[in-house]
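The values are calculated or read from the model by the stated rules, or taken from the named source; none is laboratory data. Values in this document were obtained by computation on a predicted structure and should not be read as measured data. Glycine also receives a Cβ, built like all others from the backbone with ideal geometry; neighbour counts cover every protein chain displayed. What goes into the accessible areas is simple: the full protein's heavy atoms, side chains included, and nothing from ligands, DNA or RNA. Shrake-Rupley method; radii C 1.70, N 1.55, O 1.52, S 1.80 Å.
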Amino acid sequence: MNDWIEDYEEEREAFLIWMKDAGYTPYTQKSYLADIRQFLSSLGGKKLEAVKKLHVVSYLTSVRESGVSDATRNRKHASVSCFFKALIELELYSVNPAAGIKKSKTDKNREPVYLDESDLQRFLSAVEGKYKDRNLAVFLLMSYMGLRVGEVHTLNMNDYNVERRSLRVFGKGRKWRNVPVPEDVAPFLDQALEARLDPWRSKEEAMFISQKGRRLSIRGIQQIAAQTFERFQAQIPDAHRRPYSSHKLRHSFATMLLRKGADLRTVQELLGHSSIQTTTVYTHITSREKEEAMSRLQIRIPEV
């Protein structure tokens, strides 16, 4: 990184304080700070008072040209906008040059990648290794309870009510929700907690512990999922492999519920979506289902 990044030390520290006070998760804090560091480096030492909308657009354009997705570009835009919003609220600056810049259009009609129920069970059978109990429980929480990777990461031991078979989940927007633990999932979760690794710190409350004795990180969960998906698709030619990731397990959960007749509002609550519009992305149907629906139509033309 360039030496002049240190010129913005006060502003970066102020932004971190603002995020902590606002209740942003450590993961979000880390992601936003990384984006801001990249943005500030792109300014070439320019004072923040001199930053205009053009400089923000120029940065976002360079980000796009580097090959990132529209979603990543929009997240970086949100980080920069949030940064200036924080400085304004802390009375360090008065203008947000990132405000009013349009988001990149993402393909909202793209069908989400997911596993159907039989593939999901084959994926779970691909879980193996020394920490199989832990990893299986992690994947079950995402695929049969709809938890996000970050939500699994932040789970603590006291979030699980064994008697009520309920899990208290801290989700996006700093909102809590209670998710019932399915009868078939409970034994695997109980087994994982019995086999829980000894944490490095005696007061560590994390439900899932890494082999280093610390809370299992988001990156750690993603890597374990990637390795398991690699085994799951080992016999499939590269050209036919699908871009599965840990988050696709959550997609699979939502798809299964809707196909089993759950109403959209219930799925919204279980997923922790603030808007039901976000949930509607999971209402996709397959070509087979379209064909079956069309086959039910019968034409009877009465004879004259």
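If you take the charge dipole of segment 1-123 about its Cα centre, with +1 on Lys and Arg Cβ and -1 on Asp and Glu Cβ, which of 78, 34, 121 is farthest toward its positive end? It is 78, whose Cα lies furthest towards the positive end. Looking only at 41, 210, 118, which one moves most when the chain is put into a Gaussian network model with springs between Cα atoms under 10 Å? The residue with the greatest mean-square fluctuation here is 118.
Amide H contacts under 5 Å for residue 171: 176, 177, restricted to partners 5 or more places along the chain or on a different chain, H placed in the peptide plane at 1.01 Å from N. For the chain, find the longest principal axis of its Cα atoms and tell me its angle to the long axis of helix 218-232, 0 to 90°, nearest 10. Helix 218-232 and the main axis of the chain meet at about 40 degrees.
Would you calculate, for the chain, the mean residue ellipticity at 222 nm contributed by helices, counting each DSSP H stretch of 4 or more residues as -39,500 (n - 2.57) and dividing by all residues, to the nearest 500?
On the way: 13 runs with 149 residues, N = 304.
Helices in the chain give a 222 nm mean residue ellipticity of -15000 deg cm²/dmol.
Across 77, 251, 240, mean-square fluctuation computed from a Gaussian network of the chain (C-alpha pairs under 10 Å connected) peaks at 240.
Carbon and sulfur together cover what percent of the accessible area of the chain at a 1.4 Å probe radius? Write out the running numbers ahead of the final one.
Details: 9140 of 18530 Å².
Carbon with sulfur: 49 percent of the solvent-accessible area.
Given a cut-off of under 8 Å on Cα pairs at least six residues apart, what relative contact order in percent is computed for segment 1-62? Walk me through the intermediate numbers first.
Numbers: 20 pairs, mean separation 27.6, N = 62.
Answer for segment 1-62 is 45 percent.
Entry comment: accessible area of segment 13-77 is 54 Å² per residue, from protein heavy atoms only and a probe of 1.4 Å. The lysine pair tally for segment 56-139, using Cα distances under 22 Å and a gap of 8 or more places or different chains, is 7.
Based on the Kirkwood radius over alpha-carbon pairs, what value in µm²/s does the Stokes-Einstein equation return for the translational diffusion coefficient of segment 33-104 at 20 °C and 1.002 mPa s?
On the way: Rh = 12.3 Å.
The calculation lands on 174 µm²/s.
The Cα trace of the chain gives Rg and Dmax of 23.1, 89 Å, the first to one decimal, the second as a whole number. Taking the inverse of the mean reciprocal distance over all distinct Cα pairs, the Kirkwood hydrodynamic radius of segment 1-42 comes to 10.6 Å. Helix 247-259 and the longest principal axis of the C-alpha atoms of the chain enclose an angle of approximately 40°.
For the options 163, 65, 194, a Gaussian network treatment of the chain with springs between C-alpha atoms closer than 10 Å singles out 163 as fluctuating the most.
Using every Cα-Cα pair within segment 215-267, state what percent have a distance larger than 15 Å. If you can, show how the numbers build up before the last one.
Working: 820 of 1378 pairs.
For segment 215-267, the share of Cα pairs beyond 15 Å comes to 60 percent.
If you take the square roots of the eigenvalues of the alpha-carbon gyration tensor of segment 1-140 and sort them as a ≥ b ≥ c, do you get rounded (a/c under 1.5), prolate (a/b over b/c) or oblate? It comes out prolate by the Cα gyration axes. Relative contact order of the chain: 16 percent, from C-alpha pairs under 8 Å at least 6 residues apart in sequence. The mean accessible area for residues of segment 81-174, using a 1.4 Å probe and ignoring ligands and nucleic acids, is 55 Å² per residue.
Placing +1 on the Cβ of every Lys and Arg and -1 on the Cβ of every Asp and Glu, with nothing else charged, gives segment 112-176 a dipole about its Cα centre of roughly 360 debye.
Provide the convex hull volume over Cα atoms per residue for segment 167-304, in Å³.
203
The residues packed around residue 77, meaning those with a beta-carbon under 10 Å from its beta-carbon, carry a net charge of +4 if Lys and Arg are +1 and Asp and Glu are -1.
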